[in-house]
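Okay, structure first, notes after.
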Ligand SMILES: [Zn+2]
């Protein structure tokens with residue numbers, strides 16, 4: 001009989017500024033766009049929020065601890081690769097991912113047409129089933145900086161067990 005699983009929850013939040021001429025990558029999916037997100041890595045705000053939620057759930061600190069933004073090693077890094085590295089850290093600790101739920105706050109682009117690709121990317125990076133991952137999107141109703149399209153934010157929660 002398997003030992004009972006102790007569930008642990010973690011949360012993550014991230015925000016990146018919108019910048020002209022930068023790639024727009026969300027959930028490991030490259031969107032056709034003449035603007036993207038500023039940042040040291042590929043600035044995948046969704047994957048950064050998920051990564052922080054997973055690290056928090058496992059008691060492993062935060063993204064900046066493991067991938068310092070000033071470190072040239074992570075310049076233009078693929079955040080899917082970072083997520084897979086986080087998954088390996090959890091694995092070393094005997095922690096497995098039960099489910100992840102995330103929310104992107106953006107006036108644009110529309111995520112729904114690319115959602116299946118995002119879910120597949122995230123599930124593959126975390127070595128879980130697509131059914132264990134959820135990505136939702138909302139606008140900020142044109143309010144505040146996000147509403148003025150100055151940035152994109154993302155929030156995530158992760159449930160893990162060990
Ligand atoms: Zn970030």
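Summary table
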| read-out | value |
| --- | --- |
| Check on residue 91, away from the ligand (no atom under 13 Å from the Cβ), within 19 Å of residue 133 (Cβ to Cβ) and over 15 Å from the mean Cα position of the chain (by Cα) | yes |
| Subset of the range 31-54 (residues that are within 11 Å of the ligand (Cβ to nearest atom), more than 12 Å from the chain's Cα centre (by Cα) and within 21 Å of residue 112 (Cβ to Cβ)) | 37 |
| Residue check for residue 17: over 17 Å from residue 88 (Cα atoms), away from the ligand (no atom under 11 Å from the Cβ) and at pLDDT 95 or above | no |
| Test: residue in the range 154-161 that is within 20 Å of residue 27 (Cβ to Cβ), outside any strand (DSSP E or B) and either in contact with a helix residue (DSSP H, G or I) (Cβ under 9 Å, 6 or more places away or on another chain) or free of Cβ contacts under 8 Å to residues at least 40 places away in the same chain (or both) | no |
| Among the candidates 102, 77, 57, residue that is in contact (Cβ under 8 Å) with a residue 12 or more places away in the chain, within 16 Å of the ligand (Cβ to nearest atom) and within 17 Å of residue 155 (Cβ to Cβ) | 102 |
| Among the residues listed as 49, 43, 57, 53, the single one being touching a strand residue (DSSP E or B) at 6+ places or on another chain (Cβ under 6 Å), buried (at least 22 other Cβ atoms within 10 Å of the Cβ) and at positive phi | 43 |
| Residue count, the range 49-81 (criterion: out of contact with any helix residue (DSSP H, G or I) (no Cβ under 6 Å at 6 or more places or on another chain) and closer than 14 Å to residue 27 by Cα) | 5 |
| Filter pass, residue 4 being within 18 Å of the chain's Cα centre (by Cα), more than 10 Å from the ligand (Cβ to nearest atom) and modelled with pLDDT under 95 | no |
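The values are calculated or read from the model by the stated rules, or taken from the named source; none is laboratory data. Quantities reported herein were computed from a predicted structural model and do not represent experimental measurements. All Cβ positions, even for glycine, are placed from backbone atoms using ideal geometry, and neighbour counts span all protein chains on display.
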